[in-house]
Every structure is written in C-alpha cells, then in structure tokens.
Amino acid sequence: MILNTKQFQDAANKILLAVSADKTNTANVELEAKDNVLFLRTTNKEFYVGIRFDLQSEETFRAVVDANLFLNLISSITSEEFEIVVNDN
C-alpha cells in the first residue's frame, strides 16, 4: 500500500507524543487494513489513540510493531510517498 508521507507523519507524530509519555517504553502500534481503510492504533491502558486513513485500494492485514522504532522511522522519511509491504508474518 502506498501512503502520503506528510499525512502519515502528522498522524505518527500525534501517536509518538502519546507514546513518549509512557515511561515504560513498551508501547506498540497496531496497523490494521480492512477494505479501503488503514487504522493506526495504540494504547497503554490509560489512553487510546486511533487514526484512520482512507486507502486507494483494498488491503487486508494486521501487524503490531514497536511504537518508538516504527514511529521514529516514519518521521525520517523524506519522499512524498512511501509503501508498506507485509510479507507472510
């Protein structure tokens, strides 16, 4: 799936602020694509942040990744668009 970098970085920065407040550094981010929508979610049982992105094509997958690592990688992207590819697990 190809995503607009600026739009995704804006959302990632909002989640990164919430994750940074968690001193345990154990936060994860769930990426879930259903039909033509990508959901980006995180929680630490005190807060919940969820952001929805409309996609150009139908996608189906679910992945849970380390929040700090993933969100910091997203913030370093400099191209106009980027692609997320899920292979097997």
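Throughout, read-outs are computed from the coordinates displayed, never taken from laboratory work. These figures come from a predicted structure and were not determined experimentally. In this analysis, Cβ positions are derived from the backbone assuming ideal geometry, glycine residues included, and neighbour counts consider all displayed protein chains.
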>> Taking 0.36 nm per residue of sequence separation and subtracting the Cα-Cα distance, how much length would be gained by fully extending the chain between Val65 and Lys6, in nm to one decimal?
In response: 19.2 nm
> Under a no-solvent Debye model with one identical scatterer per Cα of the chain, what's log10 I(q)/I(0) at q = 0.26 Å⁻¹?
Replying inline: -1.49
> Of the peptides 75-81, 51-57, 35-41, how do they stack up when ordered by the mean number of other Cβ atoms within 10 Å, highest first?
Replying inline: 35-41, 51-57, 75-81
> Angle, helix 5-20 long axis vs. longest principal axis of the chain, Cα atoms, 0 to 90°, nearest 10?
Replying inline: 20
> For the chain, what is the calculated [θ] at 222 nm in deg cm²/dmol (nearest 500), taking -39500 (n - 2.57) for each run of four or more DSSP H residues and dividing by its residue count?
Replying inline: -9000 deg cm²/dmol
>> What distance in nm lies between label points placed 7 Å from Cα along the C-beta direction at Ser20 and Phe82?
In response: 1.7
